[in-house]
Amino acid sequence: MELTVRQAMESALAHHRANRIDQAEQTYRLILNASPNEPDALEMLGALLSQRGRHGEGLALIDRALALRPHAADYHANRGLILSNIGRNDEAVAAYRAALALRPDSPIALYNLGNSLLRLDQDDEAMDCYQRAVALAPNEANIYGNLGNLLLKKDRLDDAIAAYRRASELSSDHGQPRSQSPHLMNLARALIDAGQLDEAISNYRRVYSLRSIDGTAPQNVGSEVLFLLSFLPGYDARRILQEHRDWNAQLAEGLRSAGPHENDRSPQRRLRIGYVSPNFRNHVQSLFTVPLFSRHDHQNFEIYCYADVRSPDSLTLRLRGCADVWRNIAEMTDQQVTDIIRCDCIDILVDLTLHMADNRMLVFARKPAPVQVTWLGYPGTTGLETIDYRLTDPYLDPPGETDAFYVERSIRLPHTFWCIDLQALEPADTPPVNPLPALEAGKITFGCFNTFSKINQPLLELWARVLNAVPNSRMLMLAPSGSRRQWVSQLLSDRVDFISRQPRNEYLKFYHRVDLGLDTLPSNGHTTSLDSFWMGVPVVTLIGNTVVGRAGFSQLSNLQLSELVAKTADEYVTIAAKLAADLPKLAELRRTLRERMRFSLLMDADRFTRDIESAYRQMWLTWCKSPNNGRAG
């Protein structure tokens, strides 16, 4: 009989390893019918049932197995895995510790213990577990992958990149493209944080190439590449447009839904406006969506929100209160979202993300609404022939100069692309504007707190010219620790100090140390520059060759500060040096800039909302006049 049980267990395990779950379960149960107290069968059936989502039954079986064999390390480890799967992480930690007490050299138990400790925010102990697991199993890609995640969380960017590289290499060496994709994605995103955009794009392209092997690459990979292109000095508007057209041809063409839109073509009726975004939450975009959504004219516009939000928060609730209809699309496929939008008879569908993370570009590719428009994520093109319009302003896109660089028709709002929420800028704990630091320090401190992915060598060389033109000046900037700071220091001759990412209010306090901001290029600061102005710190900008490089021009023009806008690199240096030498003027700018911004068009939410709504109405009238036209414009 013992031999029969052993043979049956070998057969069950073979089925289990080959993912023949039904056959494995059937064989485990046959063994238990013959021998109800066979501990290995109890334990493995328990693991299998948990694998099928029947965690309670699985846990009960493993507890029975442990009662029969309390010193089996694997039983404790599998018990920990089930407890972890159902969110009982404290108990999972205890189970993994029991397993390791019996078998201290188990890399999988160490790895899983590290995962549970990480969920309990016990980062240091989790780090120790991952490092011990790596030492015991140096060829396990997933251990390196999770180690990389923790290193990134602890702002050890260089070490995180090294861990992700190793995870990717191991997956490739083992011929596992399905598991290699997430490691390559993590590596690419870490490289973006490090400002190593060319290598990040190279890794994204490697991920995309895996689609031809087993189709595992996330569909947003191509989007993430497109989003990065405008950060690279070597890409002009025509090349960026072509990349977007290529993406459209590869992924989006052919997805357009068949059949005409049957929307009521009455030109002045109440319109259904649908907004699609993953960022209806505590996200920087809420600074711009709140003022618009809270002021919409609900008599003439019925507002629908399609929220791809997996973890709603207080901002989600606030925005939800501004909508007539709220749809949670977080678990829906692109086709399901398309179907629900068509069912809702949306007249104008608005994308708020473009090619940023978690976008729904392939919903828009299916053309669920007769008029489609993009706005907010960043000024640019989507590349989608099915998006009719893009919202911009006369400074981002001077009339007659840039229309050829976008697939969509450009609709210029009269004044500004951005309108920021006064209430969001003025909570009780918002830092006040302080006196000009140079008055006390006796030296000028320049600053830039844009994401490090906007930093590049030509920009740093330009900043070095500014520093050299202003004796004793220094630079304060946001940068990840490690090799990237060393690189910046070499180019700026050790006249630079660094900050790390902080919660919003702590980050705003860093402006207390800055006298004058220096904008980035080829992609200017957008929200970051508005933060700088709010904190009394003017920003010198240089007009770039693409639309994202004209953000500073747009914002400063709306603040009536066009004298801070340079057209050449030499002029950029001259403007910065001249203002840095005029402390009374700089101090007066600091004292008045917040009020200047408060009463500018950048914060006139009522006017901005009417401008947006007027644009929607004009789009609708155009469609009504051309109902059989494939594009509204």
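Taking the stretch 108-131 as the range and being crowded, with 18+ Cβ neighbours inside 10 Å, farther than 22 Å from Glu57 by Cβ, in contact (Cβ under 8 Å) with a residue 24 or more places away in the chain and not β-branched (Val, Ile, Thr) as the test, the residues that pass are Ala109, Leu110, Tyr111, Leu113, Gly114, Asn115, Leu117, Leu118, Ala126, Met127. The set of residues in the stretch 56-76 that are open to solvent by 30 Å² or more (accessible area, probe 1.4 Å), in contact (Cβ under 8 Å) with a residue 12 or more places away in the chain and aliphatic (A, V, I, L, M) comprises Ala60, Leu68. With respect to the conditions (1) surrounded by 13 or more Cβ atoms within 10 Å (Cβ to Cβ); (2) under 40 Å from the mean Cα position of the chain (by Cα), Pro104 falls short on a single one, namely (1).
Filtering the stretch 485-528 to residues that are assigned to a helix (DSSP H, G or I) and free of Cβ contacts under 8 Å to residues at least 60 places away in the same chain leaves Arg485, Gln486, Trp487, Val488, Ser489, Gln490, Leu491, Arg504, Glu506, Tyr507.
Is it the case that the stretch 317-330 has a residue that's open to solvent by less than 10 Å² (accessible area, probe 1.4 Å), touching a strand residue (DSSP E or B) at 6+ places or on another chain (Cβ under 9 Å) and either among the hydroxyl-bearing types (Ser, Thr, Tyr) or closer than 24 Å to Leu601 by Cβ (or both)? Within the stretch 317-330 (the criterion being open to solvent by less than 10 Å² (accessible area, probe 1.4 Å), touching a strand residue (DSSP E or B) at 6+ places or on another chain (Cβ under 9 Å) and either among the hydroxyl-bearing types (Ser, Thr, Tyr) or closer than 24 Å to Leu601 by Cβ (or both)), the answer is yes, since at least one residue qualifies.
Rundown of residues vs (1) open to solvent by less than 40 Å² (accessible area, probe 1.4 Å); (2) on the phi < 0 side of the Ramachandran plot; (3) not hydrophobic (A, V, I, L, M, F, W, C), yes/no style:
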position: Ser557; (1), (2), (3): yes, yes, yes
position: Val565; (1), (2), (3): yes, yes, no
position: Tyr572; (1), (2), (3): yes, yes, yes
position: Pro584; (1), (2), (3): no, yes, yes
position: Phe608; (1), (2), (3): yes, yes, no
position: Leu621; (1), (2), (3): yes, yes, no
position: Cys624; (1), (2), (3): yes, yes, no
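Quick check on my filter: what residues within the stretch 224-268 are among the basic types (Lys, Arg) and either outside any loop (DSSP other than H, G, I, E, B) or open to solvent by less than 50 Å² (accessible area, probe 1.4 Å) (or both)? Selection gives Arg238, Arg239, Arg245. Can you confirm whether Leu391 is open to solvent by less than 20 Å² (accessible area, probe 1.4 Å), touching a residue at least 12 places away in the same chain (Cβ under 8 Å), in contact with a strand residue (DSSP E or B) (Cβ under 9 Å, 6 or more places away or on another chain) and part of a loop (DSSP other than H, G, I, E, B)? Answer is no for this residue.
State whether the residues of the stretch 77-93 include one that is under 30 Å from Pro36 (Cβ atoms), surrounded by fewer than 20 Cβ atoms within 10 Å (Cβ to Cβ) and touching a residue at least 12 places away in the same chain (Cβ under 8 Å). Among the residues of the stretch 77-93, at least one is under 30 Å from Pro36 (Cβ atoms), surrounded by fewer than 20 Cβ atoms within 10 Å (Cβ to Cβ) and touching a residue at least 12 places away in the same chain (Cβ under 8 Å), which makes the answer yes.
Out of Arg485, Arg474, Arg501, I need the residue that is of a type outside the set (S, T, N, Q), in contact with a strand residue (DSSP E or B) (Cβ under 9 Å, 6 or more places away or on another chain), open to solvent by 10 Å² or more (accessible area, probe 1.4 Å) and at pLDDT below 95. Which one?
Arg501
The values are calculated or read from the model by the stated rules, or taken from the named source; none is laboratory data. What you see is a predicted model; the values in this text were computed from it and never measured. Backbone-built Cβ (ideal geometry, glycine too); neighbour counts: all protein chains shown. The area values use the complete protein model at the heavy-atom level, side chains included, leaving out ligands, DNA and RNA. Shrake-Rupley method; radii C 1.70, N 1.55, O 1.52, S 1.80 Å.
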